[in-house]
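Asker: Quick one: the structure is below, questions incoming.
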Amino acid sequence: MRTVYLENLGCSKNQVDAEVMLTLLQDEFSRTEDPAAADLIIVNTCGFIESARAEAIDSFFDLYGSNPEAKIIFSGCMAQRYADELSAELTEASAIFGNRDLSKLPEVVGQVFSGERVVSTPEYPANSFEDVYKRSRLLSFDGSAYVKISEGCNHRCSYCAIPIIRGSLRSKPMAIILEEVTSLIARGVKEINLIGQDLASWGRDLKEADAHFMALLKRIVEVEGDFVIRLLYIHPDTFPMELLEF
């Protein structure tokens, strides 16, 4: 079996993407912690601020230098945002792969190992949450896991590039979130970290009567098990005051 080394950079949302990518490749690749021994290297990048972009490029060349014979994929937010520029300038990369349709990763990897150089930044598929949310591999500390409840953001803050990189708000359906939380607790997870660019905006794009964040939070609390919930990122404009007394 071939081996894969994945270098994950950036935020918790990127970590979830990395976990999904490792799961998508697990039938064909075993994970290694040694990039010099890998057949495939994936650099999952952040593209939010200049220092993060510099770190991504430095990490790419460090890993490429450690194993120039490996196939190396430059993926994540920076790949999504700057695919054309990277394709022209980062000629050492076997592929440039965005972050909006992770289900395409096995196809891209297959093309790379067939000798092709690939630039792939497909848009979100309609059923992406149903297809790609499952993760058999977690990169968190033991007993802790991130649960991404949405992608993108509808706020247009002048300082933030998230809508450019990850698009407008796309909420994961409540049933899928509850199934994911239940599965993680059954695996021994004790800390559920809910993440999204703005948690309180969850559900505003869904056509469900109870599709609002506090309703979701109440349903998660009802899941059987001994666990705590942590919330990462709520925009001040959408903060639910009910949360203060929850």
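The values are calculated or read from the model by the stated rules, or taken from the named source; none is laboratory data. No experiment lies behind these values; they were computed from the predicted model shown. Every residue, glycine among them, receives a Cβ derived from its backbone with ideal geometry; neighbour counts consider all protein chains shown.
Asker: Starting from the range 96-110, take each residue that is without any contact (Cβ under 8 Å) to a residue 12 or more places away in the chain and in the same structural domain as Ile73 (by TED's automatic domain parsing) and list its partners that are of a type in the set (Val, Ile, Thr) and in a strand (DSSP E or B), counting only C-beta distances under 6 angstrom and pairs at least six apart or across chains.
Answerer: none
Asker: Pick from the range 151-203 the residues that are among the small types (Gly, Ala, Ser) and under 20 Å from Cys46 (Cα atoms): which of them is modelled with the lowest pLDDT?
Answerer: Ala161
Asker: Looking at the range 196-215, can you tell me whether even one residue there is of a type in the set (A, V, I, L, M, F, W, C), touching a residue at least 60 places away in the same chain (Cβ under 8 Å) and not in a loop (DSSP other than H, G, I, E, B)?
Answerer: Within the range 196-215 (the criterion being of a type in the set (A, V, I, L, M, F, W, C), touching a residue at least 60 places away in the same chain (Cβ under 8 Å) and not in a loop (DSSP other than H, G, I, E, B)), the answer is no, since none of the residues qualifies.
Asker: Kindly indicate the residue of the range 33-75 that is over 16 Å from Arg117 (Cα atoms), touching a residue at least 40 places away in the same chain (Cβ under 8 Å) and among the small types (Gly, Ala, Ser) and also surrounded by the most Cβ atoms within 10 Å (Cβ to Cβ) among those meeting that condition.
Answerer: Ala56
Asker: Output the residues belonging to the range 156-189 that are over 17 Å from Arg219 (Cα atoms) and either surrounded by fewer than 16 Cβ atoms within 10 Å (Cβ to Cβ) or acidic (Asp, Glu) (or both).
Answerer: Arg156, Cys157, Ser158, Tyr159, Cys160, Ala161, Ile164, Ser168, Arg187, Gly188
Asker: How many residues, within the range 101-114, are of a type outside the set (Val, Ile, Thr) and crowded, with 21+ Cβ neighbours inside 10 Å?
Answerer: Residues flagged as of a type outside the set (Val, Ile, Thr) and crowded, with 21+ Cβ neighbours inside 10 Å within the range 101-114 amount to 2.
Asker: For the range 210-226, does any single residue satisfy the condition of being β-branched (Val, Ile, Thr) and under 20 Å from the mean Cα position of the chain (by Cα)? Reasoning before the result, please.
Answerer: Just the residues of the range 210-226 that are β-branched (Val, Ile, Thr), to begin with: 220-221, 223.
Next, from what is left, pick out any that are under 20 Å from the mean Cα position of the chain (by Cα): none.
No, the range 210-226 contains no residue that is β-branched (Val, Ile, Thr) and under 20 Å from the mean Cα position of the chain (by Cα).
Asker: Show the residue pairs meeting these rules: Cβ distance below 7 Å; 6+ apart or different chains; first residue within the range 6-22 and within 10 Å of Ile42 (Cα to Cα); second residue small (Gly, Ala, Ser) and surrounded by 21 or more Cβ atoms within 10 Å (Cβ to Cβ).
Answerer: So the pair list comes out as Leu6/Ala18; Asn8/Ala18.
Asker: Restricting to helices (runs of 4 or more DSSP H) lying wholly in the range 86-191: which have 1 or more residues that are more than 24 Å from Ala54 (Cα to Cα), aromatic (Phe, Trp, Tyr) and more than 14 Å from the chain's Cα centre (by Cα)?
Answerer: 105-113
Asker: Over 24 Å from Ile162 (Cα atoms) and free of Cβ contacts under 8 Å to residues at least 24 places away in the same chain: which single residue out of Glu222, Glu242 fits that description?
Answerer: Only one candidate passes the filter, namely Glu222.
Asker: Moving on to the next point. Applying the selection to the range 204-246, what residues are among the aromatic types (Phe, Trp, Tyr) and modelled with pLDDT of 90 or more?
Answerer: Of everything in the range 204-246, those that are among the aromatic types (Phe, Trp, Tyr) and modelled with pLDDT of 90 or more turn out to be Phe213, Phe227, Phe239.
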